[in-house]
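Remarks on the structure that follows.
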């Protein structure tokens, strides 16, 4: 029995093989890193949206919601936090996330999540949506392995890419980190060529080269430009959190609750 793993780049049009049992979205810098950070901070629900206007409309209807995210890397007016997981983790402003609903908008990651939700509904696809990053790859990989339980199933990893259009090294390595954890958890796997490339790339990077190499990416340059350079180190920490984010009825929650 084998878990067949494929990896695709999100282009805004084709997103998944609808016959996959699992769909995992990776946007390591920074959307799928802020999600486990928010769950760790106590948020009960995260509503991913594609547009800034959607986020602000939700905030207007629900004043108790916390709105986080970015547009072109910067925090839009009316948001409570930008897209920085470091600032959420440090939370110097003292906001209590416990039990709160968070609305999240980003230029790439929440676009992919929203698209995956829409495609699943339109095509009656069977996949369960998860998100993963360096911060929680082990938790997600272990959870999927346990759920798979040795059955013949398919997993598609959707890498967001830089501004959801082109190759991004951090997302290839983020996908590789997830595949590595699935393999380490003892799951029998069959990798597509793209998935195998991501896996081998992650396995081949020396620990001391990891952050310096990712600092040279287009995504990192944008993060430095907007003044959030500490996010580069934070987002590349391996397995800091035990959160397993999954999407239910369009809302991100902890998979092991409810």
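The values are calculated or read from the model by the stated rules, or taken from the named source; none is laboratory data. This structure is a prediction, so every number in the text was calculated from the model and none was measured. Quick reminder, even Gly has a Cβ in these numbers, built from the backbone with ideal geometry, and neighbours come from all protein chains shown.
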Within region 213-258, how many residues are assigned to a loop (DSSP other than H, G, I, E, B), on the phi < 0 side of the Ramachandran plot and touching a residue at least 40 places away in the same chain (Cβ under 8 Å)? 13
Taking residue 20, is it in a loop (DSSP other than H, G, I, E, B), crowded, with 18+ Cβ neighbours inside 10 Å and in contact (Cβ under 8 Å) with a residue 40 or more places away in the chain? yes
Of (1) in contact with a strand residue (DSSP E or B) (Cβ under 9 Å, 6 or more places away or on another chain); (2) in a loop (DSSP other than H, G, I, E, B), residue 112 satisfies every one except (2)
Out of the residues in region 129-151 that are under 23 Å from residue 84 (Cβ atoms) and touching a strand residue (DSSP E or B) at 6+ places or on another chain (Cβ under 8 Å), which is surrounded by the most Cβ atoms within 10 Å (Cβ to Cβ)? 133
Does residue 92 count as outside any helix (DSSP H, G or I), out of contact with any strand residue (DSSP E or B) (no Cβ under 8 Å at 6 or more places or on another chain) and free of Cβ contacts under 8 Å to residues at least 24 places away in the same chain? yes
Under 21 Å from residue 129 (Cα atoms), modelled with pLDDT of 95 or more, out of contact with any strand residue (DSSP E or B) (no Cβ under 7 Å at 6 or more places or on another chain) and outside any loop (DSSP other than H, G, I, E, B): is that true of residue 37 in this structure? yes
Expected single match for surrounded by fewer than 22 Cβ atoms within 10 Å (Cβ to Cβ) and either part of a strand (DSSP E or B) or within 12 Å of the chain's Cα centre (by Cα) (or both) among 126, 118, 154 is 154
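Conditions (1) closer than 23 Å to residue 137 by Cβ; (2) part of a helix (DSSP H, G or I); (3) at pLDDT below 95, marked per residue:
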position: 12; (1), (2), (3): no, no, yes
position: 15; (1), (2), (3): yes, no, yes
position: 46; (1), (2), (3): yes, no, no
position: 104; (1), (2), (3): yes, no, no
Using the structure shown, decide if residue 218 is at pLDDT below 95 and surrounded by 14 or more Cβ atoms within 10 Å (Cβ to Cβ). yes
Could you list all residues from region 169-199 that are over 19 Å from the mean Cα position of the chain (by Cα), part of a helix (DSSP H, G or I) and under 24 Å from residue 242 (Cα atoms)? 183, 184
Looking at region 49-58, is at least one residue in contact (Cβ under 8 Å) with a residue 24 or more places away in the chain, surrounded by 18 or more Cβ atoms within 10 Å (Cβ to Cβ) and over 24 Å from residue 162 (Cα atoms)? no
